[in-house]
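Since every read-out is calculated from the coordinates, none of them should be taken as a lab result. What you see is a predicted model; the values in this text were computed from it and never measured. Backbone-built Cβ (ideal geometry, glycine too); neighbour counts: all protein chains shown.
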Amino acid sequence: MPVGGSAEASLHLPGDDVILDAGLVFDRGTTLDAPPEQVWPWVVQLGKKRAGWYAPRGVERFIPGERRALRHVEDRWQHLERGDRVPDYGGKDEWFEVAHIDPPNALVYRSERKAGVFSWALVLSPLEGERTLLHVRFRGTLTSTGLKRKVIERGGAFFDALTVEIMFAGLRERVLS
């Protein structure tokens, strides 16, 4: 569910200070039926050459087997520190760098791309009944101008919504299994 325009979207979150002059801000959130301590291991192991990017079974059947995300928590992917880099699918040299980590509450990545600089915060907040609000906030600046910038701005919102909702659905399946 988008949280843009809601009270959550106006909250200061970990990582907001990584990109101070963000021209793009996308907020998404979902409620998971598990406490943050149970969700955190799934969040911290996300990434290329790690546990992958979660998708639900219905989507994964169209993804080659070697590119499907793990369906279990793997101890070797549970340890990240500030400054660690995680490869990304944006290209062979693309990466996310851990800018902030506070288990089991927040993981913030920063990345530099040809089109700009961005941060990606995954913030877990406990809710009543052993549930968690997972708030995902993308913040970015663009170096592109003109038509390319407009395409990135408009397409970015759609792409963010699509990929984050797919990740939420895949995460829900995994946390509940």
At a Förster distance of 41 Å, what's the computed FRET efficiency of F158 paired with R71, Cβ-Cβ distance as r, to 0.05?
0.90
When we measure straight from the Cα of K150, which aspartates and glutamates land under 17 angstrom away, once same-chain ones fewer than 8 places off are left out?
D160
Starting from the coordinates of the alpha-carbon atoms of the chain, obtain the Kirkwood hydrodynamic radius over all distinct pairs and give the value in Å to one decimal.
16.6 Å
At 0.36 nm per residue, minus the direct Cα-Cα distance, what do K92 and K150 gain on full extension? Give it in nm, one decimal, please.
18.4 nm
Answer with one residue from W77, L176, G91: the one whose Cα lies farthest towards the positive end of the charge dipole of the range 7-176, charges on Cβ with Lys, Arg +1 and Asp, Glu -1.
G91
Anisotropy class of the range 14-91 from Cα gyration tensor, a/c 1.5 cut
rounded
Using alpha carbon centers only, the range 139-177 is separated from the range 83-122 by a whole-angstrom value of 14 Å
Using the crude model of +1 on Lys and Arg Cβ and -1 on Asp and Glu Cβ, and no other charge, please compute the dipole size for the chain relative to its Cα centre, in debye to 20.
840 debye
Show me 156-165, 13-22 ranked by packing, highest mean number of other Cβ atoms within 10 Å first.
13-22, 156-165
HN-Hα couplings for the range 53-66 via Karplus (6.51, -1.76, 1.60; θ = phi - 60°), in whole Hz with x for Gly/Pro, come out as 10, 4, 9, x, 3, x, 8, 4, 5, 9, 9, x, x, 6
Residues of type aspartates and glutamates that K92 reaches as a straight line, Cα spacing below 19 Å, ignoring anything fewer than 8 places off in the same chain:
E66, D84, E112
